[in-house]
Each structure stands twice: as structure tokens, then as C-alpha cells.
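Have a look at the structure below, then the notes.
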């Protein structure tokens with residue numbers, strides 16, 4: 001360790017906090033024995049060395065880059081699908097390398113696990129080392145204090161014992177750890193040390209980092225989250241079947257979720273006057289945590305989740321559910337809101353209605369809901385803003401076989417394009433013979449050739465709500481707080497030592513009876529230690545009246 | 001929440017005035033730097049060595065005279081050997097920096113008053129705030145240490161960032177999106193801004209270190225120096241710049257850490273998870289890991305000089321990519337630049 005400016009020598013080496021094998025250029029001591037055990041030991045030493053840790057840190061940084069450049073499944077499956085469509089040859093290769101799940105990739109896990117093994121190895125030697133350092137008494141005073149990076153000398157009138165006792169208590173008051181020793185020639189020395197908190201903070205930071213990793217793992221194993229799209233007036237209860245998407249932790253089976261019900265009474269989006277910029281989202285919900293519990297109201301907003309015992313409820317998005325009433329030729333009435341998904345920032349939303357029970361043929365509708373219809377767009381696909389100022393519905397009506405019984409999964413937001421292409425689902429005809437593709441406003445209806453009527457009654461709003469648990473969240477927060485504390489200590493506190501030697505001044509009569517020599521040494525940030533050393537010596541000098 | 005047009009207008013005008021003042025200050029710093037001797041400030045810098053402590057402590061005994069002849073540039077600087085004209089340029093530059101700083105503060109404050117919220121809700125506002133931190137940091141440093149030589153090197157990126165902010169990134173004053181309506185905006189973004197401004201100063205000292213180190217290497221073996229290495233003539237010793245860089249980054253790193261953690265706390269409230277590898281989060285992670293590597297390399301592995309400084313520069317590059325690249329090139333949750 002070549003840290004100190006000059007003359008640090010042995011004292012400097014002992015002040016270093018670097019494990020012995022880690023100093024640059026130091027080879028493993030002695031002849032290297034052969035055999036598997038030696039190899040193991042050597043690999044362990046290699047792994048826990050700072051150079052390896054640095055390399056792993058860099059690898060970790062580099063490994064994270066593809067996760068921000070390539071689309072990620074965890075963030076946006078649609079973008080991943082787009083990428084596959086655009087790069088049909090490249091994408092499967094990247095996929096084999098887990099580059100669309102970078103942060104769950106085995107090689108990414110490999111890097112950070114190696115890093116943590118290296119860290120734990122490092123801690124396992126440094127924690128006991130620091131423990132011993134805490135118990136050790138400050139080291140002997142070097143013979144030549146004037147060779148230390150900081151040094152000073154002064155004389156004073158008082159006796160050796162008096163000066164030493166006074167400076168001793170002064171250092172104690174300033175929270176130095178002080179050791180008094182007597183030397184053979186009658187001189188008295190004080191060795192003082194301060195700044196143990198630096199290494200304490202350093203170890204605290206790294207231990208907290210390990211705890212953080214465990215907290216994250218705990219969330220990944222026992223946490224879960226689910227999203228559900230709820231239209232005003234509807235609700236859901238806590239069971240996997242009621243969720244649109246359910247992401248369980250690895251050890252969550254989804255069968256024993258805590259009982260929890262939410263109803264959405266009303267959703268309101270506020271906008272900046274005169275613009276389409278949203279200013280507030282506001283969902284009024286009622287919830288019951290447990291079957292026997294009464295309903296409680298809650299104002300759910302972005303940035304203001306509902307936190308009950310363990311379960312958290314968030315408002316993540318919103319959209320519109322047009323209310324459509326279909327009357328089939330046999331007189332059956334199908335009516336209700338259907339959630340449409342926003343396609344852009346103006347909330348022009350696409351969706352579908354499927355009526356497998358309609359007779360004589362099954363009926364399917366798909367279309368676009370526009371909250372603020374653009375009068376210039378005759379197809380009714382464009383919206384001027386997300387505010388429901390002039391809602392419109394542009395729909396196509398299909399008849400035939402929806403294929404819901406075929407067993408193949410279908411999106412609830414669209415009709416099966418394959419069946420439309422195969423003419424098993426045909427665009428119906430209007431009463432006047434034109435194809436059933438119309439744009440209608442609230443309250444308007446359209447009549448098909450076979451007598452079916454489709455009416456656009458209006459709209460309700462929906463909110464996308466996330467429900468979840470993460471048992472690792474609070475431990476993660478706690479360890480993050482400890483990390484900041486540890487970091488502050490380890491970067492702001494300096495480990496430093498001062499020594500004083502008090503010897504009787506033999507020379508030339510007069511009142512100046514004691515010669516005080518002082519020396520100082522800082523392991524870190526030696527530059528900033530200078531002024532402090534000056535203060536220490538000045539207060540030592542000032543404490544002795546008549547000195548100077 | 002309506003926008004106060006008068007304040008918004010005032011803020012826009014103050015931005016232009018600030019850029020002009022800083023640009024003029026930058027020129028004056030450069031003039032002093034190029035034509036002046038090392039000046040009083042730099043000569044004083046040569047004294048802040050461990051010797052200075054010895055002088056003070058020695059007050060009781062015989063004082064050791066300050067060593068003035070051993071400056072690393074070859075001994076051109078002595079106490080008070082300042083050409084008055086070039087020093088006047090430097091003083092004028094500082095005056096303009098302070099004037100610019102006041103207008104800069106006014107620009108940000110009036111923007112905040114115009115929109116009735118923390119004035120760092122989009123990229124333009126962030127650029128204005130981060131550069132304000134950088135200039136504040138420089139002025140604070142200047143009041144404690146003789147670092148006038150840093151002036152031109154701090155002002156250059158500041159003027160560039162403000163210029164970019166006023167043209168490419170500019171968006172009119174407007175209220176915030178609902179996801180940003182949280183007191184965490186104050187905490188998270190102000191901490192990120194602070195960290196960014198501090199790391200900008202660390203970046204400036206890193207670049208100066210490289211210049212100076214190259215200058216020292218070449219002059220040591222008697223090889224000729226060419227521009228831009230010639231800029232190194234008037235800089236403090238490379239060793240000193242290297243330590244200054246470390247202290248600046250070691251000061252900024254806990255703030256960066258806290259800022260990222262505050263972001264995670266906010267993300268939990270706004271998006272339902274505290275960490276989700278959103279591109280902004282990913283690059284914050286990368287930046288953090290690189291600066292962590294710098295601190296390890298510097299303080300534990302004992303790397304000094306170009307190796308460690310290279311890591312520091314890499315950290316700054318990642319930070320800038322997170323500010324510009326991620327906002328403008330990659331879409332994600334943090335798409336708040338206001339640009340489309």
C-alpha cells in the first residue's frame with residue numbers, strides 16, 4: 001500500500017486497512033504447494049481480491065447495458081414481439097442468450113453472485129480484523145516523530161507529568177482513544193487514535209448490501225403482484241382467476257392469497273384547462289380486507305397507494321369502457337360495458353365485444369372508441385384529446401363463429417383475425433345492404449339486415465389496478481438506509497493517529513522545562529488532516545498556559 | 001394549476017442573460033488562463049501542501065519560510081508576481097460569474113413561481129437546475145480554495161448545457177403530470193441534480209488532471225508539448241488535481257446513492273415497485289456501479305493516476321448518457337423530457 005506521502009514506514013503500514021494479500025504487486029507468500037486444496041485456496045484468494053471485485057463490478061455495469069438497449073419481457077412484451085418481427089434472424093439468437101430477460105439471465109445472476117461471494121469472502125476476513133483493531137490499543141510512539149508527515153514541537157514551563165495528564169484528558173474529551181506509556185529514558189508518550197468509524201461504516205455498508213440482496217431475493221420468492229382492469233361499478237376479489245395478469249414469486253402457489261376485495265365506484269381524470277395534459281387521476285374505491293371485514297372507502301391516486309396489512313393497491317392506468325347494447329333477431333338483449341385499450345395518448349382505444357350466445361349466429365364487434373371525436377376523420381378512428389368531450393364509436397359488426405369453443409386462447413380485446421380471413425366470421429350487412437362498418441355517437445344505434453340492432457349507450461371509465469405483496473420491501477428499505485449511513489461514515493471519517501512525547505528539557509536553564517514533540521499520520525485523505533493536526537497541537541499547546 | 005405568464009416570461013429572459021454572462025465569464029477566464037502568469041491564486045495553491053501545516057505549527061518555535069521556488073511548473077511563480085492586467089480579467093470573470101449565478105438563480109426561481117411547483121419537472125428545467133448546482137459548487141470551492149484556474153473548464157460545459165437546454169430541450173412552462181405530483185419530486189430530483197452538479201465538477205478536474213499529467217510526463221523527459229497539453233502549464237500539480245477529483249467524487253457519491261434510493265422509494269409509490277430495470281433505473285445502476293468501482297480502485301486497490309481517472313470519466317459518461325441518451329433515445333417510465 002503506497003499511500004502516505006513520506007516517512008510513514010512501519011506505522012503507516014499498520015494503519016492500512018487493506019488485507020495483506022491485497023496490496024498491489026504482492027504475490028502469494030512462499031512457495032506455492034501443489035494439490036487441489038492449494039488450488040482451491042488460491043482461487044479463493046484470487047476471487048476475494050480487490051482486483052477481481054473491480055473486474056466483476058465492471059462486468060456488472062457492462063452486463064446491464066443490453067437490458068436498457070434491447071426491449072425486455074419484464075417491461076414490455078409487445079416491444080419484444082415487435083423486435084422479433086423486425087429481426088427474425090437475430091432475435092432468436094439474442095433470445096437464446098437471454099438478452100430479452102437480461103436481469104433474470106443466468107449469466108447476469110452469475111456475475112452478481114460471484115461479486116457477492118467475493119464480497120462475503122472479503123467481509124469474512126475484514127470483520128474480525130476490524131473487531132481486533134477495535135480492541136487493540138493505539139501503537140507505540142515512533143522514535144522520530146519529526147519524520148512523520150505531520151509533526152510539531154514546543155516547550156512548556158510545566159512538569160512532564162502535568163503536561164502529559166492535561167493533554168491526555170484533552171484528547172479524551174475530543175474522543176480520541178489514548179494510550180499512555182513511559183519510555184526507558186524517563187520520557188512519557190501518548191498514542192492517540194481516532195476514526196474507527198470509517199472502517200465500521202465501510203463494513204456496515206457492505207453488510208447492508210448483502211442484506212439488500214437477500215431482501216430482493218425474498219421479494220422474488222415470496223412476493224407477488226397482479227393487475228386487473230376494473231370498470232366503474234365493478235370490483236374484484238383476491239383470487240388468481242379474477243386477475244388479468246398474475247406474477248407470482250417462485251414460492252407462491254397463488255392458491256392461498258389473503259382474502260381481499262376491491263370495488264371501483266368512480267374514476268375521474270382531471271386535465272389542465274384548455275389542453276389534453278392530464279393533471280390528476282383519482283379513483284374512489286371501497287375495499288375489504290377479509291370476508292368478515294366491512295367495506296372501507298379509499299381515494300386511490302397515482303403516488304398514493306392503498307397500504308393495508310401486507311397488501312398494497314396501486315392505480316396504474318385508466319381508459320374507457322363503451323357501453324354497448326346488442327339485440328339479436330330472436331329478441332335477446334346483451335348489454336354492458338367492455339373495456340377498450342388505449343392505443344395512444346389521446347386515448348383512442350381499441351377493443352371487441354364477443355356474443356357467443358347470440359342467435360341465429362354468434363355476433364362479434366370490434367372497433368375504436370374515441371373520447372373526443374375528430375370531425376375531420378370520417379372513419380372515426382382519431383381522437384383529438386383524451387377528454388371525453390365528444391365520444392364516438394367506430395365499429396364493425398361480424399357474424400359467424402367466434403371460435404371461443406375451439407380451445408385456442410383469444411385476446412378479449414380483439415376478434416380472431418384468422419377466422420375473419422377464413423370467412424368463418426364475416427362482416428355483416430346493414431339494413432340498406434352496405435357493410436356493417438359505422439361511426440355512431442352516444443345514444444345512436446344501427447340496424448343490420450337480419451334485424452340485429454347495436455346501440456352505443458355511452459361509456460364508463462376503467463382503472464388499471466395493481467395488487468401485490470413484497471415481503472422484502474421493508475428490509476430492502478432498511479438496508480438501503482444503513483447503506484447510506486455506512487457510506488457517509490466510510491467516506492467522511494478519516495482514520496488518523498497522533499503521538500506526543502514529553503521529555504524533560506535538560507538544556508539551558510530557564511522555565512521551559514518540558515519538550516513536547518508531536519507527530520500525526522492519516523491513513524486517508526492526508527491533505528485534509530493537516531489543518532486538524534494543527535488544531536490538535538494548538539489546543540494541546542493552548543491548554544498549557546504560558547506555553548508558546 | 002394555471003401558469004403565471006409574467007414569471008414564465010421573466011424566467012426565459014433571465015436564461016438568455018445568464019448564458020451571455022457565463023459565456024463572457026468563460027472568455028475572460030480563458031484570457032487570464034492563456035495570457036496570465038500563474039497568478040496569485042495559483043501561487044497560493046502551491047502553498048497548500050503539508051508544509052503549510054508545518055509553518056503554522058512551528059509558530060511557537062522558529063518559523064520555516066514558505067517554499068516558493070519549488071512549484072512544479074519550473075518556478076515561474078512567486079508570491080505576488082501577478083501581471084495586473086490579466087488578473088483583472090480573472091476578477092472580472094468572477095464578477096460576471098456571480099452576476100450570472102444570481103440571474104441563473106432568478107431564472108430557476110421564477111420558473112418555479114410560474115408553474116407553482118419544484119422547477120425540475122422536465123429535462124430543460126433539470127439542465128438549468130444541475131448547472132446552477134455546478135456553478136454554486138465552483139463558487140463555494142473558489143471561496144475556500146484558490147481554484148480560479150477551474151473557471152473556464154467549469155463554464156464551458158455549463159454554457160453548453162444551458163445552451164442545449166434553451167434550444168433543443170426547451171419546453172414552455174406547464175404543470176406536472178400526475179405521476180410527478182409528489183413531494184418525492186423535491187427530494188429525488190433535487191438530490192440527483194445535486195449529485196450531477198458535483199460530478200460535473202469532478203469531471204472537470206479529471207480532464208484537467210489528464211492535461212496536467214501529460215504535460216508533466218512530457219516535460220519530465222524534455223519532449224515538446226503541443227496544444228492542448230500546453231494548457232497544463234498553468235495548472236496545479238497533477239497529484240493535487242487527482243486528490244481533488246477523489247474528494248469531489250467521494251463527496252458526491254453518497255448523495256448519488258441517496259438520490260437513487262429516494263427514486264426507488266418514489267417508484268414504489270408511483271409505479272407499484274421499487275426497482276424494475278426501467279432504462280433510467282438501469283443507467284442509474286450502471287453509473288453508480290462505475291463510480292463505486294472508481295472509489296474502490298482509488299482507495300483500496302491503490303490505483304492512482306490515469307487508471308482511476310479513466311473510471312471517473314467513464315462514470316461521468318454514463319451519467320450524461322442517462323441524462324441525454326435515455327431521455328431522448330430510449331422510451332421508458334422516465335419519459336418526462338416533455339419532448340416528443
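Descriptive notes on the structure:
- Given (1) modelled with pLDDT under 85; (2) closer than 24 Å to residue B:8 by Cβ; (3) surrounded by fewer than 19 Cβ atoms within 10 Å (Cβ to Cβ), number of the condition residue B:180 does not satisfy: (3)
- Of all residues in region A:180-211 being outside any helix (DSSP H, G or I) and within 46 Å of the chain's Cα centre (by Cα), the one that is surrounded by the fewest Cβ atoms within 10 Å (Cβ to Cβ): A:195
- Yes/no for residue A:214 being in a helix (DSSP H, G or I) and surrounded by fewer than 20 Cβ atoms within 10 Å (Cβ to Cβ): yes
- Of all residues in region A:285-305, those satisfying the criterion of being more than 12 Å from chain B (Cβ to nearest Cβ), within 12 Å of residue A:265 (Cβ to Cβ) and buried (at least 16 other Cβ atoms within 10 Å of the Cβ) are A:285, A:287, A:298.
- Failed item in (1) within 12 Å of another protein chain (Cβ to nearest Cβ); (2) modelled with pLDDT under 95; (3) farther than 27 Å from residue A:177 by Cα; (4) assigned to a helix (DSSP H, G or I), with residue A:489 passing the rest: (3)
- Test: residue in region B:194-214 that is more than 14 Å from chain A (Cβ to nearest Cβ) and out of contact with any helix residue (DSSP H, G or I) (no Cβ under 9 Å at 6 or more places or on another chain): no
- Test: residue in region B:224-247 that is more than 10 Å from chain A (Cβ to nearest Cβ), buried (at least 21 other Cβ atoms within 10 Å of the Cβ) and under 30 Å from residue A:314 (Cα atoms): no
- Of the strands (runs of 3 or more DSSP E) entirely within region A:268-339, those holding at least 2 residues that are without any contact (Cβ under 8 Å) to a residue 40 or more places away in the chain and closer than 17 Å to residue B:271 by Cα occupy A:278-288, A:296-301.
- Some residue of region B:265-273 being assigned to a loop (DSSP other than H, G, I, E, B) and within 30 Å of residue A:316 (Cα to Cα): yes
- The set of residues in region A:397-434 being part of a loop (DSSP other than H, G, I, E, B) and on the phi > 0 side of the Ramachandran plot consists of A:403, A:407, A:423, A:433.
- Some residue of region A:92-104 being in contact with a strand residue (DSSP E or B) (Cβ under 6 Å, 6 or more places away or on another chain), part of a loop (DSSP other than H, G, I, E, B) and either more than 10 Å from every other protein chain (Cβ to nearest Cβ) or closer than 28 Å to residue A:192 by Cα (or both): no
- When residues of region A:147-164 are limited to those that are outside any loop (DSSP other than H, G, I, E, B) and surrounded by fewer than 15 Cβ atoms within 10 Å (Cβ to Cβ), the one nearest to the other protein chains (Cβ to nearest Cβ): A:147
- With respect to the conditions (1) within 12 Å of chain A (Cβ to nearest Cβ); (2) closer than 22 Å to residue B:261 by Cα; (3) in contact (Cβ under 8 Å) with a residue 40 or more places away in the chain, residue B:178 lacks only one, and its number is (3).
- Single unsatisfied condition, residue A:215 versus (1) at pLDDT 90 or above; (2) in contact with a strand residue (DSSP E or B) (Cβ under 7 Å, 6 or more places away or on another chain): (2)
- The listed residues are B:130, B:114, and the only one of them that is more than 20 Å from the chain's Cα centre (by Cα) and at pLDDT 85 or above turns out to be B:114.
- For the residues B:277, B:266, B:271, B:283, the requirement of being at positive phi, facing chain A (nearest Cβ under 10 Å) and modelled with pLDDT of 85 or more singles out B:277.
- When residues in region B:289-321 are screened for being facing chain A (nearest Cβ under 9 Å) and either in contact with a strand residue (DSSP E or B) (Cβ under 9 Å, 6 or more places away or on another chain) or closer than 27 Å to residue A:213 by Cα (or both), 13 of them pass.
- The one condition in (1) surrounded by 15 or more Cβ atoms within 10 Å (Cβ to Cβ); (2) at pLDDT below 90; (3) not in a helix (DSSP H, G or I) that residue A:393 fails to fulfil: (2)
- Put simply, of A:77, A:46 the only residue that is out of contact with any helix residue (DSSP H, G or I) (no Cβ under 9 Å at 6 or more places or on another chain) and over 22 Å from residue B:318 (Cβ atoms) is A:77.
- Cβ separations smaller than 6 Å between residues 6+ apart or across chains give the following pairs from region A:47-76 residues that are within 9 Å of chain B (Cβ to nearest Cβ) to residues that are in a loop (DSSP other than H, G, I, E, B) and modelled with pLDDT under 85: A:50/B:300; A:50/B:301.
- Residue match in region A:323-332 (condition: surrounded by fewer than 14 Cβ atoms within 10 Å (Cβ to Cβ), in contact with a strand residue (DSSP E or B) (Cβ under 9 Å, 6 or more places away or on another chain) and within 14 Å of chain B (Cβ to nearest Cβ)): no
The values are calculated or read from the model by the stated rules, or taken from the named source; none is laboratory data. The shown structure was predicted, so the numbers you read here are calculated from the model rather than taken from an experiment. So basically every Cβ, Gly included, is an ideal-geometry build from the backbone, and we count neighbours across all protein chains shown.
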